[in-house]
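Every number in this text was worked out from the coordinates using simple rules, so none of it is lab data. This structure is a prediction, so every number in the text was calculated from the model and none was measured. Here the Cβ positions follow ideal geometry from the backbone for every residue, glycine too, while neighbour counts run over all protein chains shown.
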Amino acid sequence: MLLGGPAVAWGMATFLAHPADKVMTYRPGGPHPTGYLRIKLLAQMLERMGFAQDAALLGGVWDKLYDLRRGHRIPATLVREAPHLVPAVVDEIAFQPRRALAERALASILPFTQADQAAIRRTGLALRHGQPVAAGFPPRFLVSAALYAIEAGADLERLHRMVLELLVPTKPVSAPAVKSQYAATAALAA
């Protein structure tokens, strides 16, 4: 989500939206938490990133789709402790300093801000209308922008061609004369 913001959370929710029997079943030793809890983790991450409205909307949609009162196969202890565990897991993964990251937190090395989200939304509208992407727009945001373009009614074939051309240009791309506002972050992340 630090790579693409709220659109990433919605994309993952779409990917994990299966019948309730699958989403709400705990598998001991599985590589991931249940689908039900994975979206709770994403909603919490959105909250911590400063996207409270998106977090509430995602959590609300997920709770309507997968209401625990309708039955589930998740251990009672996990259900009871999830409200405490989910914030702790998100904090540990993204907001605690790591030795391998020079004692910095992942979220501070790869920040995602409201300004990034606004740029993604603007680019999504530009893509929807077949307009060029602004210079300096980070490629890591392109998939999220494409999602917003699709939601806005973009012609899918044209969008496909535009995104591919942006990610894998057929013409040589010259280096920009002026560093973008994202250059320092990219250099630090590298």
Inset, instruction - Sort 93-100, 8-15 for me by packing, meaning the mean count of neighbouring Cβ atoms within 10 Å per residue, highest on top. - result: 8-15, 93-100
Inset, instruction - For R98, list long-range residues whose amide hydrogen, built 1.01 Å from N in the peptide plane, is under 5 Å from its own amide hydrogen. - result: E103, R104, A105
Legend entry - Residues Y26, Y36, Y66 arranged by fewest to most Cβ contacts within 10 Å: Y26, Y66, Y36
Inset, instruction - Could you tell me, in Å, what Rg and Dmax come out for the Cα atoms of segment 6-105? - result: 14.1, 46
Inset, instruction - Apply the Debye scattering formula to the chain, with a single equal point scatterer on each alpha-carbon and no solvent, then give log10 I(q)/I(0) at q = 0.11, 0.15, 0.18 Å⁻¹. - result: -0.60, -1.01, -1.24
Legend entry - Residue with peak Gaussian network fluctuation, the chain [Cα springs, cutoff 10 Å], from A152, A107, A43: A152
Inset, instruction - Would you calculate, for the chain, the mean residue ellipticity at 222 nm contributed by helices, counting each DSSP H stretch of 4 or more residues as -39,500 (n - 2.57) and dividing by all residues, to the nearest 500? - result: -17000 deg cm²/dmol
Legend entry - Span per principal axis, largest first, for the Cα atoms of segment 73-126 (Å): 47, 33, 14
Inset, instruction - Apply the Karplus parameterisation 6.51 cos²θ - 1.76 cosθ + 1.60, with θ equal to phi minus 60°, to every residue of segment 137-148 and state each ³J(HN,Hα) to the nearest whole Hz, in sequence, with x for glycine and proline. - result: 5, x, x, 5, 8, 5, 5, 5, 4, 5, 4, 5
